[in-house]
Amino acid sequence: MEALVVRRLGDPTLPPGAEASPFAVVSGDHTVPELSSPTAVRVRVAATSLNFATFLQVQGKYQERPPLPFVPGSDYAGVVDAVGPGVRGFRPGDRVCSLTGLGSFADFIVVEEKQLFLVPDGCELVAAGALPVAFGTSHLALVHRAQLKAGQVLLVLGAAGGVGVSAVQIGKVCGAIVIAVARGVEKLQYLKSIGADLVIDSSKDNVVDSAKSFLKARGLKGVDVLYDPVGGKLTQDSLKLLNWGAHILVIGFASGDVPVIRANIALLKNWTIHGLYWGSYLTHHPRVLIDSLNELLSWLSKGLITVQISHRYRLAESHLAFAALRDRKVVGKVMIVMRSSAKSRL
């Protein structure tokens, strides 16, 4: 089988096999993994998602650093290839999706039955593979943590990225008024097309002034929920828009700058600051995460949400996928589509 193997930490935008590349040459010589327990399932991977966390992981900058060599992991979807004798919920041919810390950047992966989710009929496999991390993060943040309600104002920073696009859509499903901040005409047009009530180009417009003008015209006082995967100056500016009692969702720091939110201001304004490390729910509150993903898959099958696939690459082109993410050319998700996917109904 083919697999993308990280042999050393480094720049993931360098072609696999190049002298300074972190990746070994992509070849089909890797052994297909065997079932590891009676309740194990082997999945033929159709597609796996490239997230910013994967970018950091290959560089050794993520909070979890696996020993070398390793095959990166993320959310993925595929078709059940084989099951252990104790598996009751799946059989070969079932379409499934899941998430993993390691191993999905390969043609096959072996996981425990309890880690898998059945992909509903009518859902594209590549879309299902893009769903868990991005949409799961936004669903837990907005629905479970901030408890976003109809009529509230949601401000989404970095709105054209994977988590940003999902936050805009989930905000609209919840009935919120959504202000989306991104860069570039194409991205703003897409965000308008998925329901954003106001789009602001942060490369040209003053975010605070634009948002205040919109809120005043609507007779609204300010922002109730701030969804922030960016950090830096944009976060600091956005704090000026928040209502008393607002919720701040700390999702990530794509800008590379971790902002400071002064505790005395949070006290005076009764702000609630939520740090959200989505993957840790698997350890601490797995039932919450499972229920969240099942609801999202239901929404996907009903057409309440859609997954925007911005770029698709093969394993051997993974450096191009990482470069697209680095250069902010992405509107939605970047997916790695496996060679074996031609045999699957995507």
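The values are calculated or read from the model by the stated rules, or taken from the named source; none is laboratory data. All of these numbers come straight from a predicted model, not from anything done at the bench. Methodologically, a virtual Cβ is constructed for each residue, glycine included, from the backbone with ideal geometry; neighbour enumeration extends over all protein chains shown. Ligands, DNA and RNA are excluded from the accessible area calculation, which covers all protein heavy atoms including side chains. Shrake-Rupley method; radii C 1.70, N 1.55, O 1.52, S 1.80 Å.
The single residue among Ala196, Ala211 that is touching a strand residue (DSSP E or B) at 6+ places or on another chain (Cβ under 7 Å) and closer than 16 Å to Leu142 by Cβ turns out to be Ala196. Name the single residue that is surrounded by the fewest Cβ atoms within 10 Å (Cβ to Cβ) among those in the stretch 53-90 being under 27 Å from Leu14 (Cβ atoms) and β-branched (Val, Ile, Thr). Filtering the stretch 53-90 for residues that are under 27 Å from Leu14 (Cβ atoms) and β-branched (Val, Ile, Thr), the one surrounded by the fewest Cβ atoms within 10 Å (Cβ to Cβ) comes out as Val71. In this structure, is Ser98 open to solvent by less than 20 Å² (accessible area, probe 1.4 Å), polar (S, T, N, Q), in a loop (DSSP other than H, G, I, E, B) and within 23 Å of Ala316 (Cα to Cα)? So Ser98 does not fit the description; no.
Number of residues in the stretch 141-168 that are surrounded by fewer than 24 Cβ atoms within 10 Å (Cβ to Cβ) and either out of contact with any strand residue (DSSP E or B) (no Cβ under 9 Å at 6 or more places or on another chain) or part of a helix (DSSP H, G or I) (or both) equals 4. Among Lys212, Lys233, Lys221, Lys216, which is the only one that is under 27 Å from the mean Cα position of the chain (by Cα) and open to solvent by 70 Å² or more (accessible area, probe 1.4 Å)? After ruling out the rest, the residue left standing is Lys233. Restricting Lys240, Lys172, Lys192 to those that are at pLDDT 95 or above, in contact with a helix residue (DSSP H, G or I) (Cβ under 9 Å, 6 or more places away or on another chain) and open to solvent by 40 Å² or more (accessible area, probe 1.4 Å) reduces the list to Lys240. Note on the stretch 202-281: enclosed strands (runs of 3 or more DSSP E) holding 2 or more residues that are among the charged types (D, E, K, R) are 223-228. Criterion applied to Ala46, Ala3, Ala40 was being touching a Phe, Trp or Tyr at 6+ places or on another chain (Cβ under 7 Å) and either closer than 22 Å to Leu131 by Cα or open to solvent by less than 30 Å² (accessible area, probe 1.4 Å) (or both), and the one residue passing it is Ala3.
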